[in-house]
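Chemist: One structure coming up, written as structure tokens, with questions to follow.
The values are calculated or read from the model by the stated rules, or taken from the named source; none is laboratory data. Just so it is clear, the structure is predicted and the values come from calculations on it, not from any experiment. For neighbour counting, all protein chains shown are included, and Cβ atoms are generated from backbone atoms with ideal geometry for every residue, glycine included. Areas reflect the complete protein model, heavy atoms only, side chains present, ligands, DNA and RNA absent. Shrake-Rupley method; radii C 1.70, N 1.55, O 1.52, S 1.80 Å.
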Amino acid sequence: MGAGTGGTSRYVLNAIKPYAANLTYYYTDISLGFTNYGADRYGKEYPFVEFRELDIEDDPGKQGYKPGSIDLVLASNAIHATKRIDRTLGRIKRLLKANGMLVLNEVTQAFHFTTITFGLTGGWWLYQDGDIRLSGAPVLSSEAWKKNLEIGGL
């Protein structure tokens with residue numbers, strides 16, 4: 001989820017390639033540009049990958065994703081960039097099979113450099129649940145992530 005240019009996916013795809021006959025990997029991002037980039041960069045080497053748009057701010061079912069169909073969601077520094085963490089985690093939960101897992105990698109500190117860099121993008125300031133975010137940034141502390149993941153059943 002939020003694969004971008006594939007910085008994380010590249011390592012994962014290489015690690016799971018021996019099991020390709022038994023799986024499908026969805027390389028997803030909100031941006032068609034990123035999914036097209038992924039397809040160009042990784043499509044030939046990893047034919048078990050499907051490159052698809054996914055806007056987790058909207059119902060994944062309306063985007064062609066079957067509820068309860070995913071074993072594992074991998075999200076690296078993408079979930080904080082949504083308006084409401086509770087809604088986002090709820091959508092992820094609905095995608096997962098029973099006993100499915102979310103592997104979440106997120107920054108848990110607000111850094112001036114990050115805010116200066118990404119603060120120029122529109123998405124950085126879209127969050128609506130500022131009470132759970134760190135001051136001046138859309139990121140959550142480790143404790144806030146833990147609490148919200150527990151509340152969300154993840």
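Chemist: Give the whole-number value, in cubic angstrom per residue, of the convex hull volume spanned by the C-alpha atoms of the range 83-150.
Modeler: In the range 83-150, the Cα hull volume divided by residue count equals 92 Å³.
Chemist: Moving on. In the chain, which longest range has no chymotrypsin sites (Phe, Trp or Tyr not before Pro) that are both DSSP loop (not H, G, I, E or B) and surrounded by at most 15 other Cβ atoms within 10 Å?
Modeler: Details: sites that count: 48, 111.
In the chain, the maximal stretch lacking such sites is 49-110.
Chemist: Moving on to the next point. So what is the accessible area of the chain per residue, in Å², with the probe set to 1.4 Å? Show your work: numbers first, answer last.
Modeler: Working: 9110 Å² over 154 residues.
Averaged over the residues of the chain, the accessible area is 59 Å².
Chemist: Probe radius 1.4 Å, ligands and nucleic acids left out: which of 1, 101 has the largest accessible area, and how do the rest follow? Intermediate results must be reported in sequence, preceding the final value.
Modeler: Working: 1 30, 101 110 Å².
If we order 1, 101 from most to least accessible, we get 101, 1.
Chemist: Take 44, 97, 147 and sort them by solvent-accessible surface of the protein heavy atoms, 1.4 Å probe, largest at the top.
Modeler: Numbers: 44 195, 97 85, 147 125 Å².
Highest to lowest solvent-accessible surface, that is 44, 147, 97.
Chemist: Same structure, new question: When the accessible area of the chain is computed with all protein chains present and a 1.4 Å probe, what percentage of it is carbon and sulfur? Intermediate results must be reported in sequence, preceding the final value.
Modeler: Values: 4920 of 9110 Å².
Exposed carbon and sulfur together represent 54 percent of the surface.
Chemist: About its Cα centre, what dipole magnitude does the range 32-154 give when the only charges are +1 on Lys and Arg Cβ and -1 on Asp and Glu Cβ, stated in debye to the nearest 20?
Modeler: On the way: 15 positive and 15 negative charges, 43 e Å.
Charge dipole, the range 32-154, about its Cα centre: 200 debye, nearest 20.
Chemist: Quick one: putting +1 on the C-beta of Lys and Arg, -1 on the C-beta of Asp and Glu, what dipole do you get for the range 1-72 around its Cα centre, in Debye to the nearest 20?
Modeler: Here the range 1-72 has a charge dipole of around 340 debye.
Chemist: Once all Cα-Cα distances of the chain are split into 5 Å bins that start at 0, what whole-number percent is in each one?
Modeler: All Cα pairs considered, the percentages come to 2, 9, 17, 21, 20, 16, 9, 4, 1, 0.
Chemist: What helices does the chain hold that run 24 Å or longer along their axis, going by alpha-carbon atoms, with a Kyte-Doolittle average of 1.6 or more, using DSSP H for the helix calls?
Modeler: Within the chain not a single helix satisfies the rule.
Chemist: Here is a follow-up. For a quick check: with amide H placed at 1.01 Å from N, whose amide H comes under 5 Å from residue 72's, ignoring anything fewer than 5 positions away on the same chain?
Modeler: 101
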